[in-house]
Each structure stands twice: as structure tokens, then as C-alpha cells.
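A short worksheet on the structure shown next.
The values are calculated or read from the model by the stated rules, or taken from the named source; none is laboratory data. None of the values given here were measured: they were computed from a predicted structure. In this analysis, Cβ positions are derived from the backbone assuming ideal geometry, glycine residues included, and neighbour counts consider all displayed protein chains. The protein model used for the area step is the full one, side chains on, heavy atoms only, and it has no ligands, DNA or RNA in it. Shrake-Rupley method; radii C 1.70, N 1.55, O 1.52, S 1.80 Å.
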Amino acid sequence: MEARPVLWIVVPCYNEEKVLPMTAPLFIRKIRQLAEEGKVSASSRVLFVNDGSKDRTWEIIRETAEEYPECIGICQSRNRGHQNAVLAGLMEAKDRCDITISIDCDGQDDINAMDEMVDKYLAGAEIVYGVRSRRDTDTWFKRTTAEGFYRLMKAMGAEVVFNHADYRLISAKVLQHFADFGEVNIFLRGMVPLVGFPSDTVYYDRTARLAGESHYPLRKMIALAFNGITSLSVKPISMISTFGIGFSLVGLILMIWAVVEACLGKTVAGWTSTICIICLLGGIQLISLGVLGQYIGKTYLETKHRPRYIISARTWEKEERHWIEEE
Ligand code: UDP
Ligand code: MG
């Protein structure tokens, strides 16, 4: 028998009793179709991660798992949020498959893009990012805030793929290295590019949710952006130093002006000295805060214990992917 990669589709689910019965069969059908076309192994699976749902989600996952051999599920002890649910699924999958595709369970991401993702993997990519080509179906508000999110991330020094959420293919090889990123504040779309390895992109149209409601209102989106920026970048800290230097320069000009005014006798007694002290201290304080911040930022990054290097190939090791074997 010809060998093919084993694919695990990782699907986080939180309070999704409305949409899961509609989308679960779609995922199963997709994995069967990919297997029939010979792109992935017949032992591929759909892994549902129940993120501590308070409704019937876990029961639905168990029922689906009984009905379809391709379906399996894991349950988190409590709700930990989308990013952690995806991570739990990926870590569960990494030793049991060759490739993973993470996707939301609400049917918003076009599952047909998986074909192209697998093709790109077979062509050599280890990570394939699903990128939304259009957002017509999102409301104007969601679209504007979501695009503002990516711009803000970029401006703050957190590198992310524009309009890419958490729909992506990652090979088990990359996940093995990803497991070395020991941090607890997880922002997957910023961390995955840090691992390196050849990557590619697949464009797809994002549609509306099939049922149920979004768990990402503006408040959570801002929290996610803030978490992403602060866990990936210490740029906000350098901004304090830059601001301090700018403030000091302006302060210097103000001081010269105040002294000139005093010499011209245009001021009341005590004004010049007060202005000079305010300008001087303001600048010194901001610069000092920035310097302190730089050390705190470094300490913060050090505490993450991220791998300092990742080797992608060795001449004495077989280059082929391990699932390629003889007949
Ligand atoms: N989700 C999760 N845990 C949470 C919140 C959301 O696992 O605490 C899952 C949810 O079930 C869905 C995915 O994350 O599969 C994305 O959530 P949602 O569709 O509500 O976000 P949106 O697409 O509106 O940004
Ligand atoms: Mg959604």
C-alpha cells in the first residue's frame, strides 16, 4: 500500500451545540474525500477540542465519535479560551499524525481550502496559512475593527500574517519544535511564524457563521490584540524611551525660551525656575522609565525560555518526510 500523510483536523469548540451538528458531518465528509482522492491517509482524524463548554457540546462530540470512526474528541477541564484550546489539540495531535489543520467549528472558514493546503504541503511547505481574501460577509464594524487589529499589531512590532486567523496547516515536524515554546500567554498566529520552516498561503472567502453567536466581541478582540502585542514585542517599552527623548528635546527648547523671557523681564519671579524644573524632570523621568523598561522587557523575553535556534535539516538524516515509505 502506498503511504500517505496522516491528517488531523483540530477543531476548538466552546458552547457550540447549535452549529456543531451542522458542521461536524462536513469535516468528516472532507476528510473522507481527501482520503479517497489519495491525498491523505485513510487513518486521518477530525479532533474536536471541547473547551469547557457549558452546553451539550461535549455530548454532541461523543455522539459523533461513536457514529463516525474518523471523529475523536478531547475535553478540557474548564474553559481556557480559543488559543489554548487550539494548542491543546495541536499538542495532542503532534505525535500521532503528520499534518494538522486547525479550523473553527462554526463553518466560517471555507473547508474546501484544505485541499489546496494539503497540496502545498505535499509541494514542500511545512506551514500553510489560510488568509481571508474577502470579508464581505462580516459586518462593516467587524471588518473595520478586525483590519484595525492587524494594523495595530504590525505598528506595535508583533509580526502577523495579515488577515490570517487560526485556519492553518502545520506539519508535525514544526509542532515538535513549537512544543519548545514554553510560554503560557499564547498568541498562535504570532508564534507560529517564529518557528520558521518553509511556509505558503492559501486564500479563501470567509462566510457568515452557520449558526450560534461569535465569542469574539470587540472587548475580547482588543484583549487578544493586547495579549499578542505584549507577548511578542517589547516595542511599547522602547516607545517610552523614544517619547522621553522627544520630551527632553522639547523641554530644552522650552527652557531656553523661559530663560529668554526672564532676561527680557517679561515674567514674574519664580516662573522660569519652575518651568525649567518641570521640563528637566519630565524628560529625565521618562528616559529613566524607558531604560528600566528595557531591562524589564529583556527579563520578560528571557523568562519565556524560547528556543534560541531550530535546526531544520541535517546531512546525515534522511530528507524525506517520514510517512513516505516503500510499497
Ligand atoms: N472558542 C473556544 N473557546 C473560547 C471561545 C471560542 O474554543 O473560549 C472556539 C469557538 O468554538 C470557535 C472558535 O473558537 O470554534 C472561534 O470562535 P468564534 O467563531 O466565536 O470567533 P469569531 O469567528 O467570531 O472571531
Ligand atoms: Mg467564527
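Within the stretch 27-39, is there a residue that is in contact (Cβ under 8 Å) with a residue 60 or more places away in the chain and within 16 Å of ligand 2 (Cβ to nearest atom)? Yes, there is a match, as at least one residue in the stretch 27-39 is in contact (Cβ under 8 Å) with a residue 60 or more places away in the chain and within 16 Å of ligand 2 (Cβ to nearest atom). Counting only residues that are more than 16 Å from ligand 2 (Cβ to nearest atom) and at pLDDT 95 or above, the stretch 102-114 holds 1 of them. All conditions in (1) in contact with a His (Cβ under 8 Å, 6 or more places away or on another chain); (2) open to solvent by 50 Å² or more (accessible area, probe 1.4 Å) hold for Pro307, with the sole exception of (2). The single residue among Ile222, Ile245, Ile186, Ile253 that is under 30 Å from Ser312 (Cα atoms) and among the β-branched types (Val, Ile, Thr) turns out to be Ile186.
Return a yes/no flag: does the stretch 162-180 have any residue that is away from ligand 1 (no atom under 15 Å from the Cβ), modelled with pLDDT under 90 and open to solvent by 30 Å² or more (accessible area, probe 1.4 Å).
Checked against the condition, which is being away from ligand 1 (no atom under 15 Å from the Cβ), modelled with pLDDT under 90 and open to solvent by 30 Å² or more (accessible area, probe 1.4 Å), the stretch 162-180 yields at least one hit.
In the stretch 189-213, the residue that is nearest to ligand 2 (Cβ to nearest atom) out of those that are farther than 23 Å from Asp115 by Cβ and touching a residue at least 12 places away in the same chain (Cβ under 8 Å) is Gly212. No other residue among Thr64, Thr139 is more than 25 Å from Gly190 (Cβ to Cβ) and touching a Gly at 6+ places or on another chain (Cβ under 8 Å) apart from Thr64. Look at (1) within 16 Å of ligand 1 (Cβ to nearest atom); (2) out of contact with any helix residue (DSSP H, G or I) (no Cβ under 6 Å at 6 or more places or on another chain); (3) not hydroxyl-bearing (Ser, Thr, Tyr) and you find that Gly265 fails only one, number (1).
For the stretch 16-124, the helices (runs of 4 or more DSSP H) that sit wholly inside it and include 3 or more residues that are more than 22 Å from the chain's Cα centre (by Cα) are 20-36, 57-67, 113-122.
If you go through the stretch 2-40 and pick out every residue that is open to solvent by 50 Å² or more (accessible area, probe 1.4 Å), within 16 Å of ligand 1 (Cβ to nearest atom) and in contact with a helix residue (DSSP H, G or I) (Cβ under 9 Å, 6 or more places away or on another chain), you end up with 4.
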